[in-house]
1. Need the full-extension length gain, Arg367 to Asp188, defined as separation in residues times 0.36 nm minus the C-alpha distance. One decimal, nm.
2. Would you please put 264-277, 342-355 in order of how densely packed they are, using the mean number of other Cβ atoms within 10 angstrom per residue and starting with the highest?
3. Give me the extension gain from Arg263 to Thr78: residue separation times 0.36 nm, minus the current Cα-Cα distance, reported in nm with one decimal.
4. With a Förster radius of 35 Å, plug the Cβ-Cβ distance of Val210 and Lys305 into 1/(1 + (r/R0)^6) and report the FRET value to the nearest 0.05.
5. Of the listed pairs Lys305/Lys343; Lys374/Lys418; Lys111/Lys142; Lys321/Lys418; Lys173/Lys343, which have alpha-carbon separations greater than 19 Å here?
6. Can you give me the distance in nm between label points at Glu106 and Ala319, each placed 7 Å from the Cα along the Cα-to-Cβ direction?
7. Can you give me the C-alpha center-to-center distance between the stretch 329-359 and the stretch 116-189, rounded to a whole angstrom?
8. Return the sequence-ordered ³J(HN,Hα) values of the stretch 140-146 in whole Hz as given by the Karplus equation 6.51 cos²θ - 1.76 cosθ + 1.60 applied to θ = phi - 60°, using x for Gly and Pro.
Amino acid sequence: MGYGLFEAGRNGPGHADEGVSRNDIQDDPTEWNTEWPRTQGPREDTDTVQDKGLDALGNSSDVWDKMNPDQSDFNPETQVRMLEIHRAQIGGCEYTIRNFNVDDLESLHYKALSYAWGQPSHNPHTIEVSGNPFYVSRTLWKFLSVSANKNHHFYGLIFIDAICINQSRSKEKSQQVKLMGNIYRNADSVIVWLGCQDYLEHWRCHDLDVVLTKRKGPENWETSEHSLFQDICSEPYWTRLWVVQEIMLAREITIQYGHWSWRWSDFSRLFDYDAFVSNHPFNNSGKKVKTRHILHGQPVLNWGKAGLIFGHKYEWDRARKPIPVWRATYDFRDQGCSDLRDKIWGLLGILDAPGISPDYGRVSVSRLFENVLKLGLNELHEEEIHESVDAYTSETASWNFRDNISRRQKSFIWSLRKMLNIDDRVADIIIERVCKHVGI
């Protein structure tokens, strides 16, 4: 079975869900004639913080050398760092860095953290790692603080990218990004950190915990429980790109919200996968399935951005096959990250993307756009030939790359342009060149 029960159909993406205005789906590819969304791509600056030997929080490159006495022996192509959390003699935690070979991850017991970095702070928090000061974001500091609480007893090895990867060295980042799939795939558990709640939400969490653990149907929840569920599903975490593959590859997942934690299954059992499939634009069955949880004729649960992640996780666990590049581009085009190139590189662990390799020092956004465009169009071209789909809108039309391609190919190109925010003039040249190369 291939990835997804909903395969791309002849007519391409469907229309937006009912209740969504046209203003909410500006540049929807299903509404095109021959116009493309016009964007002004970002200027690719080369004078970045990393080029100055600092990460986004101001940690200098040599801080990793000081944290780890064996730094000279660290090989970022074949090794990963882990943060080891120890119980301190006078309370709290102590942190050290250890190196491990990638080949040993299958037998190593460790956890991996999945979280949203948040905006760099002018006043980052400081922790000590192997006796050396290290700056961390407020989000990460809160996680470490909660983990040190006596009620959690969290000790041992954990992978946290901001600490375990030298963020100031482009070469190391490039090599370590290639290993992200192995790291999250082999972790005993992935911790989804949504942040901390205030005093009022703490009690709301208690109420939600009761209905989740008692498996009480959402039709019977109180208003406060629905409200907190919606708040959790609307956390910025779910909008980030990197969390997609971190969740897809995880064997076990714990969702942690402040001092409260739940199993992934506590939430996923409420997710209506059949409705997710039937409402997806690439559903070609023609059938629409209503959600299971209905009250007064309306869906009970509002999954927000989390619904996309839960739907793909469900499908990934069933199929365990790479997602086609063109599908991933369409579905995850709006997920955010600070470096546009990570919108592709951050998914490599769940894609079949030969020839796409991270290189922060050499590969520009436009070069990545061309490589991914070629790969995705080849995927679609082969699928359409295999399915005997009419691959062209007009076989007799004179060459015009805006008209002479299928609707699915057009949707993919639109999604990739939107995803990488490519300048229009550059994109038009690349699209025409790649389409001719692919033979469409």
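Taken together, the values in this text are just the output of simple stated rules run on the coordinates, not laboratory data. These numbers come from a predicted model, not from an experiment. As a convention, Cβ positions derive from the backbone with ideal geometry for all residues, glycine included, and neighbour counts pool all protein chains shown.
1. Details: separation 179, 0.36 × 179 = 64.44 nm, distance 3.65 nm.
Taking Arg367 through Asp188 to full extension adds about 60.8 nm, to one decimal.
2. On the way: 264-277: 17.3, 342-355: 20.1.
Per-residue Cβ counts within 10 Å, averaged per peptide and sorted highest first, yield 342-355, 264-277.
3. On the way: separation 185, 0.36 × 185 = 66.60 nm, distance 3.18 nm.
Once the chain is fully extended between Arg263 and Thr78, it gains 63.4 nm.
4. 0.85
5. Numbers: Lys305/Lys343 16 Å; Lys374/Lys418 16 Å; Lys111/Lys142 17 Å; Lys321/Lys418 26 Å; Lys173/Lys343 15 Å.
As for pairs spanning more than 19 Å Cα to Cα, those are Lys321/Lys418.
6. It is 2.5 nm.
7. 21 Å
8. 5, 4, 5, 4, 5, 5, 5
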